[in-house]
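Data first, discussion second: the structure below is written as C-alpha coordinates.
The values are calculated or read from the model by the stated rules, or taken from the named source; none is laboratory data. Computed from a prediction, not measured in an experiment: that's the story for all the values here. A quick note on method: Cβ atoms are made from the backbone with ideal geometry, for glycine too, and the neighbour counts reach across all protein chains shown. Note: areas computed on protein heavy atoms with side chains; ligands, DNA, RNA excluded. Shrake-Rupley method; radii C 1.70, N 1.55, O 1.52, S 1.80 Å.
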Amino acid sequence: MSDPLIDIRNEYKIYIMGNEQVYANDNINLKIDRGEFVSIVGKSGSGKSTLMNIIGALDKPTSGKYFLNGRDTSTMSDDELADIRNKTIGFIFQQYNLLPKLTLLENVELPLLYAGIKVKERRIKALESLSKVGLKEKYNQYPNQLSGGQQQRVSIARALAGSPSLLLADEPTGALDSKTSGDVLNFLKKLHSEGNTIVMITHDNAIALEAKRVVRIHDGKIIFDGDTESYATEFQISH
(Lines give C-alpha, C1' and ligand atoms only; values in the text may rest on other atoms or scores of the structure.)
Protein backbone atom coordinates (compact mmCIF):
# COMPACT_ATOMS: atom_id res chain seq x y z
CA MET A 1 0.00 0.00 0.00
CA SER A 2 1.39 3.40 -0.95
CA ASP A 3 2.08 6.12 1.61
CA PRO A 4 -0.63 8.79 2.04
CA LEU A 5 -0.22 11.98 0.01
CA ILE A 6 -0.73 14.05 3.18
CA ASP A 7 0.56 12.74 6.51
CA ILE A 8 0.40 15.15 9.46
CA ARG A 9 1.69 13.82 12.77
CA ASN A 10 1.25 15.46 16.19
CA GLU A 11 1.20 18.92 14.61
CA TYR A 12 1.03 21.99 16.82
CA LYS A 13 0.99 25.61 15.67
CA ILE A 14 1.42 27.94 18.61
CA TYR A 15 1.37 31.74 18.52
CA ILE A 16 2.57 33.97 21.34
CA MET A 17 0.05 36.73 22.11
CA GLY A 18 1.52 38.90 24.87
CA ASN A 19 2.07 36.52 27.79
CA GLU A 20 -0.30 33.92 26.38
CA GLN A 21 0.25 30.91 24.12
CA VAL A 22 -2.51 30.40 21.57
CA TYR A 23 -2.81 26.89 20.13
CA ALA A 24 -4.10 27.53 16.60
CA ASN A 25 -3.55 23.82 15.86
CA ASP A 26 -3.49 21.48 18.85
CA ASN A 27 -2.03 18.01 18.24
CA ILE A 28 -3.39 17.46 14.70
CA ASN A 29 -3.06 14.00 13.19
CA LEU A 30 -4.37 13.65 9.65
CA LYS A 31 -3.76 11.35 6.71
CA ILE A 32 -5.20 11.92 3.23
CA ASP A 33 -4.66 9.40 0.44
CA ARG A 34 -4.13 10.13 -3.24
CA GLY A 35 -7.43 10.46 -5.08
CA GLU A 36 -9.50 11.59 -2.08
CA PHE A 37 -11.88 14.57 -1.98
CA VAL A 38 -11.80 15.92 1.59
CA SER A 39 -13.37 19.05 3.05
CA ILE A 40 -11.92 20.69 6.15
CA VAL A 41 -14.71 22.60 7.85
CA GLY A 42 -14.80 24.92 10.85
CA LYS A 43 -15.98 28.32 12.01
CA SER A 44 -13.85 31.45 11.86
CA GLY A 45 -11.06 31.09 14.42
CA SER A 46 -11.33 27.30 14.57
CA GLY A 47 -7.83 26.72 13.22
CA LYS A 48 -8.84 25.55 9.73
CA SER A 49 -6.94 28.35 7.96
CA THR A 50 -3.82 27.55 9.99
CA LEU A 51 -4.18 23.91 9.00
CA MET A 52 -4.65 24.93 5.37
CA ASN A 53 -1.41 26.95 5.52
CA ILE A 54 0.44 23.91 6.86
CA ILE A 55 -1.06 21.59 4.19
CA GLY A 56 -0.26 24.15 1.49
CA ALA A 57 3.38 24.47 2.66
CA LEU A 58 2.72 28.18 3.27
CA ASP A 59 3.79 27.76 6.90
CA LYS A 60 5.59 25.24 9.09
CA PRO A 61 4.36 23.66 12.32
CA THR A 62 5.73 24.81 15.67
CA SER A 63 6.22 21.13 16.42
CA GLY A 64 5.27 17.83 14.82
CA LYS A 65 5.80 16.54 11.29
CA TYR A 66 4.12 17.08 7.93
CA PHE A 67 4.96 14.72 5.08
CA LEU A 68 3.69 15.72 1.64
CA ASN A 69 4.21 13.15 -1.10
CA GLY A 70 6.59 11.36 1.27
CA ARG A 71 8.75 14.44 1.89
CA ASP A 72 9.08 15.98 5.34
CA THR A 73 8.19 19.68 4.85
CA SER A 74 8.46 20.58 8.54
CA THR A 75 12.25 21.09 8.34
CA MET A 76 12.42 22.66 4.89
CA SER A 77 13.83 26.08 4.08
CA ASP A 78 11.57 28.79 2.63
CA ASP A 79 13.05 28.14 -0.84
CA GLU A 80 12.36 24.41 -0.55
CA LEU A 81 8.78 25.11 0.56
CA ALA A 82 8.31 27.48 -2.41
CA ASP A 83 9.52 24.71 -4.74
CA ILE A 84 7.10 22.20 -3.17
CA ARG A 85 4.21 24.68 -3.54
CA ASN A 86 5.04 25.32 -7.16
CA LYS A 87 5.50 21.72 -8.26
CA THR A 88 3.16 19.73 -6.01
CA ILE A 89 0.18 21.95 -5.10
CA GLY A 90 -2.41 23.77 -7.21
CA PHE A 91 -4.12 26.56 -5.26
CA ILE A 92 -7.73 27.69 -5.85
CA PHE A 93 -8.58 30.87 -3.95
CA GLN A 94 -11.86 32.50 -2.94
CA GLN A 95 -10.98 35.78 -4.67
CA TYR A 96 -9.49 34.06 -7.77
CA ASN A 97 -6.21 36.07 -7.50
CA LEU A 98 -6.05 36.64 -11.25
CA LEU A 99 -3.81 39.46 -12.50
CA PRO A 100 -6.04 41.99 -14.33
CA LYS A 101 -3.40 43.15 -16.84
CA LEU A 102 -2.65 39.62 -18.04
CA THR A 103 -4.78 37.62 -20.48
CA LEU A 104 -6.39 34.38 -19.31
CA LEU A 105 -3.65 32.43 -21.06
CA GLU A 106 -0.92 34.48 -19.36
CA ASN A 107 -2.61 34.04 -15.96
CA VAL A 108 -2.73 30.26 -16.38
CA GLU A 109 0.90 30.22 -17.58
CA LEU A 110 2.22 31.92 -14.43
CA PRO A 111 2.97 28.84 -12.28
CA LEU A 112 4.59 27.21 -15.32
CA LEU A 113 6.73 30.30 -15.81
CA TYR A 114 7.88 30.11 -12.17
CA ALA A 115 8.61 26.40 -12.67
CA GLY A 116 11.02 27.31 -15.49
CA ILE A 117 9.03 25.64 -18.29
CA LYS A 118 9.92 26.90 -21.76
CA VAL A 119 7.54 29.20 -23.66
CA LYS A 120 6.21 26.72 -26.23
CA GLU A 121 5.48 23.94 -23.71
CA ARG A 122 4.03 26.51 -21.30
CA ARG A 123 1.57 27.73 -23.93
CA ILE A 124 0.47 24.19 -24.84
CA LYS A 125 -0.09 23.22 -21.19
CA ALA A 126 -1.97 26.46 -20.42
CA LEU A 127 -4.27 26.05 -23.44
CA GLU A 128 -4.94 22.42 -22.47
CA SER A 129 -5.81 23.58 -18.96
CA LEU A 130 -8.17 26.30 -20.22
CA SER A 131 -9.77 23.69 -22.48
CA LYS A 132 -10.50 21.48 -19.42
CA VAL A 133 -12.55 24.28 -17.85
CA GLY A 134 -14.31 25.15 -21.13
CA LEU A 135 -12.63 28.53 -21.69
CA LYS A 136 -10.04 27.82 -24.36
CA GLU A 137 -11.75 30.10 -26.88
CA LYS A 138 -11.47 33.04 -24.46
CA TYR A 139 -7.70 32.61 -23.93
CA ASN A 140 -6.92 36.13 -25.19
CA GLN A 141 -9.49 37.92 -23.01
CA TYR A 142 -8.85 39.61 -19.67
CA PRO A 143 -10.31 38.68 -16.26
CA ASN A 144 -12.62 41.72 -16.12
CA GLN A 145 -14.37 40.47 -19.28
CA LEU A 146 -15.57 37.34 -17.46
CA SER A 147 -18.26 36.53 -14.90
CA GLY A 148 -17.28 35.50 -11.37
CA GLY A 149 -17.88 31.84 -12.14
CA GLN A 150 -15.74 32.02 -15.27
CA GLN A 151 -12.94 33.75 -13.33
CA GLN A 152 -13.02 30.94 -10.77
CA ARG A 153 -12.77 28.42 -13.61
CA VAL A 154 -9.66 30.26 -14.87
CA SER A 155 -8.17 30.02 -11.38
CA ILE A 156 -8.93 26.26 -11.45
CA ALA A 157 -7.22 26.04 -14.87
CA ARG A 158 -4.18 27.81 -13.40
CA ALA A 159 -4.16 25.36 -10.47
CA LEU A 160 -4.31 22.40 -12.89
CA ALA A 161 -1.69 23.67 -15.34
CA GLY A 162 1.33 22.13 -13.61
CA SER A 163 -0.37 18.72 -13.08
CA PRO A 164 -0.08 19.03 -9.27
CA SER A 165 -0.40 16.10 -6.85
CA LEU A 166 -2.84 18.13 -4.73
CA LEU A 167 -5.55 20.72 -5.46
CA LEU A 168 -6.06 22.93 -2.40
CA ALA A 169 -9.27 24.98 -2.61
CA ASP A 170 -9.73 27.76 -0.04
CA GLU A 171 -13.45 28.71 0.19
CA PRO A 172 -13.70 28.26 -3.60
CA THR A 173 -17.37 29.31 -3.74
CA GLY A 174 -17.18 32.10 -1.15
CA ALA A 175 -17.47 34.94 -3.68
CA LEU A 176 -20.14 33.28 -5.87
CA ASP A 177 -23.95 33.12 -5.93
CA SER A 178 -25.61 29.78 -5.17
CA LYS A 179 -26.11 28.67 -8.79
CA THR A 180 -22.53 29.48 -9.79
CA SER A 181 -21.30 27.87 -6.57
CA GLY A 182 -23.09 24.70 -7.62
CA ASP A 183 -21.42 24.82 -11.02
CA VAL A 184 -17.95 25.19 -9.47
CA LEU A 185 -18.59 22.38 -6.96
CA ASN A 186 -19.78 20.10 -9.78
CA PHE A 187 -16.60 20.90 -11.64
CA LEU A 188 -14.49 20.00 -8.58
CA LYS A 189 -16.39 16.70 -8.35
CA LYS A 190 -15.61 16.05 -12.03
CA LEU A 191 -11.91 16.71 -11.38
CA HIS A 192 -12.05 14.31 -8.44
CA SER A 193 -13.72 11.64 -10.61
CA GLU A 194 -10.75 12.00 -13.00
CA GLY A 195 -8.37 11.05 -10.17
CA ASN A 196 -7.38 14.42 -8.73
CA THR A 197 -6.79 14.75 -4.98
CA ILE A 198 -8.77 17.71 -3.63
CA VAL A 199 -8.72 19.31 -0.18
CA MET A 200 -11.37 22.01 0.20
CA ILE A 201 -11.44 24.48 3.11
CA THR A 202 -14.86 25.87 4.03
CA HIS A 203 -16.90 27.30 6.92
CA ASP A 204 -20.15 26.10 5.31
CA ASN A 205 -21.47 22.68 6.33
CA ALA A 206 -23.61 22.34 3.21
CA ILE A 207 -20.57 22.88 0.98
CA ALA A 208 -18.46 20.54 3.14
CA LEU A 209 -20.95 17.77 2.37
CA GLU A 210 -20.13 18.01 -1.34
CA ALA A 211 -16.85 16.20 -0.63
CA LYS A 212 -16.54 12.47 0.11
CA ARG A 213 -14.97 12.92 3.55
CA VAL A 214 -15.30 15.68 6.15
CA VAL A 215 -12.73 16.77 8.73
CA ARG A 216 -14.19 19.18 11.29
CA ILE A 217 -11.87 21.37 13.34
CA HIS A 218 -12.83 23.26 16.51
CA ASP A 219 -10.54 25.19 18.88
CA GLY A 220 -7.53 23.87 16.98
CA LYS A 221 -8.48 20.20 17.36
CA ILE A 222 -10.01 17.71 14.94
CA ILE A 223 -13.38 16.74 16.46
CA PHE A 224 -14.72 14.72 13.51
CA ASP A 225 -13.13 12.80 10.65
CA GLY A 226 -15.37 10.55 8.57
CA ASP A 227 -17.60 10.16 5.53
CA THR A 228 -20.18 12.79 4.59
CA GLU A 229 -23.22 10.69 5.52
CA SER A 230 -21.90 10.14 9.07
CA TYR A 231 -21.10 13.84 9.34
CA ALA A 232 -24.59 14.89 8.19
CA THR A 233 -26.15 12.51 10.73
CA GLU A 234 -23.92 13.47 13.66
CA PHE A 235 -24.32 17.22 13.16
CA GLN A 236 -27.92 17.00 11.93
CA ILE A 237 -27.31 18.66 8.59
CA SER A 238 -29.66 18.05 5.68
CA HIS A 239 -27.78 16.58 2.75
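Here's the yes/no breakdown for (1) closer than 25 Å to residue 103 by Cα; (2) in contact with a Ser or Thr (Cβ under 7 Å, 6 or more places away or on another chain):
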{"residue": "152", "(1), (2)": "yes, no"}
{"residue": "181", "(1), (2)": "yes, yes"}
{"residue": "199", "(1), (2)": "no, no"}
{"residue": "224", "(1), (2)": "no, no"}
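Does residue 51 satisfy the condition of being buried (at least 18 other Cβ atoms within 10 Å of the Cβ), more than 27 Å from residue 2 (Cα to Cα) and touching a residue at least 12 places away in the same chain (Cβ under 8 Å)? Walk me through how you get there before you give the answer.
Numbers: buried (at least 18 other Cβ atoms within 10 Å of the Cβ): yes; more than 27 Å from residue 2 (Cα to Cα): no; touching a residue at least 12 places away in the same chain (Cβ under 8 Å): yes.
No; evaluated as a whole, the condition is false for this residue.
Scan the strands (runs of 3 or more DSSP E) fully inside segment 149-239 and keep the ones with 2 or more residues being open to solvent by 50 Å² or more (accessible area, probe 1.4 Å), within 19 Å of residue 32 (Cα to Cα) and touching a residue at least 24 places away in the same chain (Cβ under 8 Å).
Numbers: elements: 166-170, 197-202, 213-218, 221-227.
Where strands (runs of 3 or more DSSP E) fall fully within segment 149-239 and carry at least 2 residues being open to solvent by 50 Å² or more (accessible area, probe 1.4 Å), within 19 Å of residue 32 (Cα to Cα) and touching a residue at least 24 places away in the same chain (Cβ under 8 Å), they are 221-227.
Which one of these does residue 39 not meet: (1) touching a residue at least 40 places away in the same chain (Cβ under 8 Å); (2) open to solvent by 60 Å² or more (accessible area, probe 1.4 Å)?
Of the numbered conditions (1) touching a residue at least 40 places away in the same chain (Cβ under 8 Å); (2) open to solvent by 60 Å² or more (accessible area, probe 1.4 Å), the odd one out for residue 39 is (2).
Specify which of the listed residues (84, 124) is open to solvent by 50 Å² or more (accessible area, probe 1.4 Å), of a type in the set (A, V, I, L, M) and assigned to a helix (DSSP H, G or I).
On the way: 84 fails: open to solvent by 50 Å² or more (accessible area, probe 1.4 Å).
So the residue among 84, 124 that is open to solvent by 50 Å² or more (accessible area, probe 1.4 Å), of a type in the set (A, V, I, L, M) and assigned to a helix (DSSP H, G or I) is 124.
Give segment 24-69 a look and list any residue that's part of a loop (DSSP other than H, G, I, E, B), in contact with a His (Cβ under 9 Å, 6 or more places away or on another chain) and farther than 11 Å from residue 12 by Cβ, or say none. Can you show your working first?
Filtering segment 24-69 for residues part of a loop (DSSP other than H, G, I, E, B) gives 33-36, 42-47, 56-62, 69.
Of the ones still in play, those that are also in contact with a His (Cβ under 9 Å, 6 or more places away or on another chain) are 35-36, 42-44, 46-47.
Scanning segment 24-69 gives 35, 36, 42, 43, 44, 46.
Kindly indicate which of 178, 165, 129 is within 21 Å of the chain's Cα centre (by Cα) and closer than 23 Å to residue 43 by Cα.
Details: 165 fails: closer than 23 Å to residue 43 by Cα; 129 fails: closer than 23 Å to residue 43 by Cα.
When all the criteria are applied, what remains is 178.
Here is a yes/no grid of residues against (1) at pLDDT 90 or above; (2) closer than 26 Å to residue 226 by Cβ; (3) open to solvent by 80 Å² or more (accessible area, probe 1.4 Å):
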{"site": "2", "(1), (2), (3)": "no, yes, yes"}
{"site": "32", "(1), (2), (3)": "yes, yes, no"}
{"site": "89", "(1), (2), (3)": "yes, yes, no"}
{"site": "103", "(1), (2), (3)": "yes, no, no"}
